1. Hey, can you tell me all the residues within the stretch 36-60 that are at pLDDT 95 or above and either hydrophobic (A, V, I, L, M, F, W, C) or in contact with a Lys or Arg (Cβ under 9 Å, 6 or more places away or on another chain) (or both)?
2. Would you mind telling me which numbered condition in (1) surrounded by 16 or more Cβ atoms within 10 Å (Cβ to Cβ); (2) modelled with pLDDT of 95 or more G189 fails?
3. Return only the number of the condition from (1) at pLDDT below 95; (2) part of a strand (DSSP E or B); (3) not charged (D, E, K, R) that M326 does not satisfy.
4. Against the condition part of a strand (DSSP E or B) and closer than 20 Å to F17 by Cα, how does T93 come out, does it pass?
5. Before we move on, is Y137 touching a residue at least 60 places away in the same chain (Cβ under 8 Å) and either farther than 16 Å from F101 by Cβ or in contact with a strand residue (DSSP E or B) (Cβ under 7 Å, 6 or more places away or on another chain) (or both)?
6. Testing L105 on (1) outside any strand (DSSP E or B); (2) within 30 Å of S166 (Cα to Cα); (3) aliphatic (A, V, I, L, M), one condition comes back false. Which one is that?
7. Assigned to a helix (DSSP H, G or I) and in contact with a Lys or Arg (Cβ under 9 Å, 6 or more places away or on another chain), is that true of T72?
Amino acid sequence: MRMKKTVSFSKNTTNVFFHILTNCNLKCEHCYINKEQHGENILPIETIESWLKIFIEKNNDANVIFLGGEPTLHPDLPRAIKKAKSLGYNSITVDTNGYLFHNILSKVDPDAVDYFSFSLDGATRKTNDMIRGEGSYDKCIAGIRKTISKGFTTSLIYTVSKKNLSELHTIAPFLKELGITRFFIQVIGIRGQSAENWHEKLQVSRKEWLKTIPFVADKVAKLGITVTYPKVFLNGDEPFACAGLVAKNYFIFPNGRVYQCPICEDFPLHSYSLEGNILLKTPNINETDLFELNILEGCVMNKLIQPDNLSYDSQGKPKYKVACCMLKEEIQGQ
């Protein structure tokens, strides 16, 4: 029997989303990296190790996700992984586009990395390469197969947009054939490249999301694959809750900015800054001043930054609430 649950915010666990560089070999249409806000420097390994230590010392119940850009472009990623392991991080994930630079798979052991998480944005070569760049589909598939053959566990991320929604329903047997154990469906955020291309309106509508995503998630889970996707829209009288008030999520960028809400990343609203390997709170006004605001639309950040997914009745009352972007639904594959 499959179990569907809403994954509530954890008060005890720290999640460190660590962007160790912003460089990437691809130019995906929906990339959220904004170099003007996030910096262009590649963090020295000594800095990476120091920052990893800062967050594990804040809470020894911590997970780290290494991100970019493309994190395998960093020549010292293997050393960063080994440092995170030695510091006692509960889980270590590497998000990658599948090119797996610097022969990364031969420089770390399967017991050091919990997941290599691959990004693929189409069930077909044509759709994926239209979004992510020519040749990226074949390279990602080859990377997944090679990673699994070497004993690593893999997951796959599919960022849903109007350009690839129609293919999502065909992906279940493909995931099973590849050997994927976890499947993440992501909603496209209006930040970075997506914000620049806002006129293309890549986000799917509420109707499209609710009609497609839960159905596909259940279909994939029937194959024994655990599926996670953002709740996005709250039903009826479901209360809104902001992860920034409860959870310990930190989104770290190479220029030292540390956010708690990813929607804010296009703006200098970060809660913390890393300066001289010291974590400092930033002065007001920052994102934390917005977390406690209570509005009928739900997420304040969504209302301010990406309001196109809201809808109102003839009286000007919102028809529904938008959930915190960190609130997830999960179906355990069995």
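The values are calculated or read from the model by the stated rules, or taken from the named source; none is laboratory data. Keep in mind that this is a model prediction, so the values were computed, not measured. Every residue, glycine as well, gets a Cβ built from its backbone with ideal geometry; the counts of neighbours run over all protein chains shown.
1. I42, L43, I45, I48, E49, W51, L52, K53, I54, F55, I56
2. (2)
3. (2)
4. Numbers: part of a strand (DSSP E or B): yes; closer than 20 Å to F17 by Cα: yes.
Yes; evaluated as a whole, the condition is true for this residue.
5. Taking the combined requirement at face value, the residue does not satisfy it.
6. Result: L105 fails condition (2) only.
7. Values: assigned to a helix (DSSP H, G or I): yes; in contact with a Lys or Arg (Cβ under 9 Å, 6 or more places away or on another chain): no.
No, not satisfied.
Conditions (1) within 15 Å of L327 (Cα to Cα); (2) in contact with a Leu (Cβ under 8 Å, 6 or more places away or on another chain); (3) not β-branched (V, I, T), marked per residue:
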{"residue": "Q203", "(1), (2), (3)": "no, no, yes"}
{"residue": "R206", "(1), (2), (3)": "no, no, yes"}
{"residue": "P214", "(1), (2), (3)": "yes, no, yes"}
{"residue": "G224", "(1), (2), (3)": "no, no, yes"}
{"residue": "V227", "(1), (2), (3)": "yes, no, no"}
{"residue": "N235", "(1), (2), (3)": "yes, no, yes"}
{"residue": "F240", "(1), (2), (3)": "yes, yes, yes"}
{"residue": "V246", "(1), (2), (3)": "yes, no, no"}
{"residue": "N249", "(1), (2), (3)": "yes, no, yes"}
